[in-house]
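Since the structure comes first, as structure tokens, the remarks are kept for the end.
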Amino acid sequence: MAIKCGIFKTSYRSDMAMWQTKNSRFWMALFFIGLIVFPFFVSKYFLYMANIIAIGVIAAVGLNILTGFAGQISLGHGAFIGVGAYFAGYLTSQFNINFIPAFIAGGLVTAVVGMFFGLPSLRLKGFYLAIATMAAQFILAFVFIHLRSVTGGSQGMIVSPPEIAGFSFDSDFRYYFLSIGTAIVMTLAAKNLIRGKFGRAFMAIRDNYIAAKTMGVNIFLYKIIAFGISSFYAGIAGALWAHYIQIITPEHFTFSVSIEYLAIIIIGGLGSLLGTVFGTIFIMVLPEFLRFINGIVSLHYPMLVNMFDAIREGSFGLAIIGFLIFEPDGLAARWKTIKNYWKLWPYSY
Amino acid sequence: MIKLEVHDLFLSFGGIEALKDISFSVNNKEIFSIIGPNGAGKSSLLNCINGLYHPQKGKIIFKQTDITNWPADKIAKLGIGRTFQNLELFKGMSVLDNLMLGRHNHLKYGIMPSIVWIGRASKEEITSRVKVEKIIDLLEIQSVRKKTVGTLPYGLQKRVELGRALAVDPEIMLLDEPMAGMNEEEREDMARFILDINEEMDKTIILIEHDMSVVMDISDRIMALDFGEKIADGTPEQIQNNSDVLNAYIGGKEKGQVA
Ligand SMILES: Nc1ncnc2c1ncn2[C@@H]1O[C@H](COP(=O)(O)OP(=O)(O)OP(=O)(O)O)[C@@H](O)[C@H]1O
Ligand SMILES: [Mg+2]
């Protein structure tokens with residue numbers, strides 16, 4: 001009997017494994033090797049893009065935990081990223097605190113702020129919650145501008161690159177390892193969180209909160225935990241961003257940033273971590289692509305140069321609407337279709 | 001031994017009095033059925049017991065504790081599980097995840113172990129998984145364990161919901177019309193599962209069901225409600241011969257399912 005139990009256990013363990021097949025483990029390994037090799041072969045521009053995407057992935061994973069998994073909409077994510085940026089930046093620049101504890105403190109403080117602004121979710125749902133979190137966005141934006149003694153107001157706050165044991169992450173190349181490393185660790189952490197008790201409770205609240213209550217889930221507690229975790233991710237992303245760009249101003253954390261992150265998880269796929277990565281790449285690369293096209297076309301129509309910002313915002317909107325209509329499950333669903341196609345290849349038609 | 005006591009429970013929605021001073025008690029390990037025409041107040045009564053509705057008057061006592069007006073999640077934790085008349089499943093989650101969610105309060109690990117996974121979290125998950133697999137075997141739903149619940153046929157969804165309530169490992173199970181909308185074979189399976197759960201897993205069961213042949217077959221005791229009032233309780237024989245019960249069904253031009 002005891003032996004039989006042992007066999008059961010190992011089989012359930014492998015059944016619950018993150019990457020179930022040899023094949024998927026192989027591709028993951030290849031992907032990680034690719035990430036390590038990549039920076040040695042590309043230009044500064046691509047390193048910059050990779051850094052921006054990695055930091056974006058962290059923030060977007062946070063929002064997807066809250067909105068995609070727990071079903072609580074937030075229009076304040078941009079401001080939460082700002083809280084982490086300013087708090088960590090303040091600690092490193094004013095008190096010379098090492099970046100590791102400063103980043104973690106930035107994440108934790110943002111988590112507390114997020115939980116506070118998540119309190120209305122006790123009573124509000126959907127559209128009304130969206131408006132309440134939008135209030136968080138504007139209140140925090142006001143603080144960023146007017147709490148000059150801390151944030152430097154619209155002049156901004158200057159911070160220096162993170163440093164540890166005399167090694168400074170002061171170039172795109174060096175920063176790459178910090179941002180990609182953090183993004184990988186935090187995405188895997190999210191994956192673990194999602195497959196366990198917390199993820200299930202979040203999804204249960206999203207799918208049917210009455211049933212969740214009836215099964216013993218403390219709805220309010222778990223909503224607040226979701227806000228906390230989500231904001232922690234935003235805070236860490238903010239801290240990483242601040243120390244990469246090295247000058248933080250309020251316009252980095254506006255309402256349109258919140259919308260941008262919502263676009264990322266809708267386009268990538270609500271409730272999909274892989275989709276979050278795809279969505280981030282899509283949204284971060286889209287403006288670059290547009291800039292490129294705009295550059296060519298504006299040779300003939302010069303007035304387009306001035307309209308670039310409008311075009312950019314407009315295409316975000318178009319992309320969201322397009323996905324909502326044609327691929328509501330986002331890029332993650334597209335990926336699944338493609339994967340299934342190749343699995344059966346050459347017999348698929 | 002008495003497992004659950006209800007005293008003078010009164011519940012109204014505006015002008016509608018759904019429950020008028022209902023009192024009864026349920027013994028340990030019995031199958032206690034509640035019958036009555038549509039709108040009699042049966043589901044409302046279960047909703048009061050598990051904390052989804054809050055009665056204006058009266059008392060509900062479970063394990064020497066007054067649980068009246070407790071929140072639903074606390075009542076679940078204390079040991080009352082339930083299924084719903086109209087399926088209330090987590091439609092976007094797999095069968096396995098639905099059942100594992102039922103184990104929520106048995107999983108004690110916090111956020112940090114969950115993130116690391118290896119160690120406490122995975123150990124507790126495996127223990128729960130073993131329990132959930134036993135339920136999957138009992139309910140014969142092995143072949144669909146990884147399927148998304150929303151894609152399953154109705155009869156199987158009903159079974160999954162029973163499994164999820166069982167995963168909570170409660171002392172009392174409240175089952176609201178578990179056989180509604182099923183064919184003959186599915187009803188028989190469901191009746192067998194309920195008996196198994198009662199006999200082998202020692203669960204006390206409070207059952208709402210319109211199919212009188214099943215109710216008469218498997219119940220230890222029955223209570224009849226009509227327009228929010230208790231009109232009778234007793235053994236199946238006593239209820240079958242009770243004129244008030246017969247009148248309630250015939251007078252209410254109801255289903256006419258009295259055996
Ligand atoms: N949430 C609610 N709001 C308003 N009225 C309600 C609510 N829930 C139940 N009622 C009313 O209470 C009365 C009893 O309803 P209940 O659902 O308990 O009946 P039931 O015995 O379960 O009937 P059925 O056999 O049709 O399931 C009905 O008149 C119903 O309309
Ligand atoms: Mg009912």
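Computed quantities for the displayed model
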{"read-out": "Compactness of region A:128-235, expressed as Rg and Dmax over alpha-carbon positions, Å", "value": "19.3, 55"}
{"read-out": "Size of the A/B contact, given as accessible area buried on both chains, probe 1.4 Å, in Å²", "value": "3100"}
{"read-out": "Threshold 40 Å², region B:86-107 residues less accessible with all protein chains present than alone (1.4 Å probe)", "value": "B:88, B:90, B:93, B:101, B:104"}
{"read-out": "Cα gyration tensor of region A:192-242 - equivalent ellipsoid semi-axes, whole Å, descending", "value": "26, 10, 7"}
{"read-out": "Carbon plus sulfur fraction of accessible area for region B:90-169, probe 1.4 Å, in percent", "value": "59"}
{"read-out": "Estimated vicinal HN-Hα couplings, Hz - region A:79-91 in sequence order (Karplus 6.51, -1.76, 1.60; Gly, Pro = x)", "value": "5, 5, 4, x, 4, x, 4, 5, 5, 5, x, 4, 5"}
{"read-out": "Share of alpha-carbon pairs per 5 Å distance bin for region B:90-169, given as whole %", "value": "3, 17, 27, 21, 16, 10, 5, 1"}
{"read-out": "Of B:77/B:108; B:63/B:203; B:59/B:108; B:3/B:108, those spanning more than 21 Å from alpha-carbon to alpha-carbon", "value": "B:59/B:108; B:3/B:108"}
{"read-out": "Two-decimal ratio, region B:154-259, of alpha-carbon radius of gyration to 2.2 N^0.38 Å", "value": "1.11"}
{"read-out": "Under-5 Å amide H pairs with residue B:23, H placed in peptide plane, nonlocal only", "value": "B:8, B:9"}
{"read-out": "Alpha-carbon centroids, region A:138-191 and region B:99-138: separation in whole Å", "value": "36"}
{"read-out": "Volume per residue that the Cα convex hull of chain B spans, once the total is divided by residue count, Å³", "value": "138"}
{"read-out": "Solution diffusion estimate, µm²/s, Stokes-Einstein, region A:222-338, Kirkwood Rh from C-alpha pairs, 37 °C, viscosity 0.692 mPa s", "value": "205"}
{"read-out": "Pair-distance profile P(r), taking every C-alpha pair of region A:246-301, with 5 angstrom steps and integer %", "value": "5, 17, 17, 17, 18, 15, 9, 2, 1"}
{"read-out": "Residue B:33 long-range amide H proximity, modeled H, under 5 Å", "value": "B:207, B:220, B:221, B:222, B:223"}
{"read-out": "Solvent-accessible heavy-atom area per residue, rounded to whole Å², over region A:42-266 at 1.4 Å", "value": "37"}
{"read-out": "Cα centre as origin, Lys/Arg/Asp/Glu Cβ charges: the protein assembly as shown dipole, Debye", "value": "1900"}
{"read-out": "FRET efficiency estimate (nearest 0.05) - Cβ-Cβ, residue A:19 to residue B:65, R0 51 angstrom", "value": "0.65"}
{"read-out": "In sequence order, calculated HN-Hα J values of region A:20-27 (Karplus, 6.51, -1.76, 1.60; Hz; x Gly/Pro)", "value": "7, 10, 4, 4, 5, 5, 4, 5"}
{"read-out": "Nonlocal amide H pairs with residue B:82, under 5 Å, H built at 1.01 Å", "value": "B:174"}
{"read-out": "Aspartates and glutamates whose Cα lies under 19 Å from that of residue B:147, excluding same-chain neighbours fewer than 8 positions away", "value": "A:15, A:207, A:329, B:88, B:97, B:133, B:137, B:161"}
{"read-out": "Values of log10 I(q)/I(0), in the order q = 0.16, 0.25 Å⁻¹, for region B:1-90 under a Debye, Cα-only, solvent-free model", "value": "-0.65, -1.53"}
{"read-out": "Computed over region A:51-143, the ratio Rg/Rh where both radii use C-alpha atoms and Rh is Kirkwood", "value": "1.00"}
{"read-out": "Span per principal axis, largest first, for the Cα atoms of region A:1-109 (Å)", "value": "62, 38, 31"}
{"read-out": "The protein assembly as shown: calculated mean residue ellipticity at 222 nm from DSSP helix runs of at least 4, using -39500 (n - 2.57)", "value": "-19000 deg cm²/dmol"}
{"read-out": "Heavy atoms of residue B:112 accessible to a 1.4 Å probe, total area in Å² rounded to 10", "value": "130"}
{"read-out": "Carbon plus sulfur fraction of accessible area for chain A, probe 1.4 Å, in percent", "value": "72"}
{"read-out": "Expected-Rg normalisation [2.2 N^0.38 Å, Cα atoms] applied to region A:42-266", "value": "1.00"}
{"read-out": "Largest-first principal axis extents, alpha carbons of the protein assembly as shown, Å", "value": "92, 57, 52"}
{"read-out": "Accessible area in square angstrom per residue, region B:90-169, 1.4 angstrom probe", "value": "39"}
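The values are calculated or read from the model by the stated rules, or taken from the named source; none is laboratory data. Computed from a prediction, not measured in an experiment: that's the story for all the values here. Please note: Cβ atoms are built from the backbone with ideal geometry, for glycine as well, and neighbour counts cover all protein chains shown. Note: accessible area is taken over every heavy atom of the protein model, side chains too, but ligands, DNA and RNA are not part of it. Shrake-Rupley method; radii C 1.70, N 1.55, O 1.52, S 1.80 Å.
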